[in-house]
1. Two decimals, Cα atoms only, Kirkwood Rh: what is Rg/Rh over the range 1-70?
2. What length, rounded to one decimal in nm, is gained on full extension from residue 100 through to residue 9, with 0.36 nm per residue of separation minus their alpha-carbon distance?
3. Given the Cα-Cα distance of residue 17 and residue 64 and 0.36 nm per residue of separation, how much length would full extension add, in nm?
4. Hey, rough spin-label estimate for residue 135 and residue 76, points 7 angstrom out along Cα→Cβ, what's it come to in nanometres?
5. Taking 0.36 nm per intervening residue step and subtracting the Cα-Cα distance, what contour gain separates residue 47 from residue 86 on full extension?
6. List, largest first, the extents of the alpha carbons of the range 13-148 along their principal axes, each in whole Å.
Amino acid sequence: MAWRGGCQCGRARYEGMGALPPVYACHCTECRRQSASAFALSMPALRANVRFSGELSAYSRPTDSGTRTDCFFCPHCGTRIYHQSERSPDRVTIKAGTLDEAGTVTAAAHLWVSRKQPWIALDPAVPAFDTQPSDLSSWRNEFGGCGT
Ligand SMILES: [Zn+2]
Ligand SMILES: [Zn+2]
């Protein structure tokens, strides 16, 4: 089984192997700015399971925990494709809005609900965190097993 996605102009593409990993929504301020929208959709995947093609530029930013995250985007249209944390080099976090089948994706968890836009109503059956799990990288690695 394969899943595919890419940037707005189509020059940067990716293809993932295995089952589509679960997606979480993050409503924090950084994610809101990064996505230029109300929240970000993130899909942690094993790096070895994803093949990227096309040119990508990187923007590196510090995180609250003192490490760095490299954020990769298409230099032609600016679409953010994935993030790579210094802390988990074997994982990538795909920006799930870039999936070709993004319309079928639903959030399996919500982070930073304390910062969410007030008009967004959440499904009470979906786990929601006021902020984020204290060990975010462990939580992310366990979250659905990253499609393995
Ligand atoms: Zn592009
Ligand atoms: Zn966030």
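1. Checking Rg against Rh, the ratio lands at 0.98.
2. Additional length available on full extension: 31.5 nm.
3. 13.8 nm
4. About 4.3 nm, to one decimal.
5. Going from the current span to full extension adds 12.7 nm.
6. That gives 38, 30, 28 Å along the principal axes, largest extent first.
Just so you know, all these numbers are worked out from the coordinates, no wet-lab data involved. As the structure is a computational prediction, the values presented were derived from the model and not from experiment. Please note: Cβ atoms are built from the backbone with ideal geometry, for glycine as well, and neighbour counts cover all protein chains shown.
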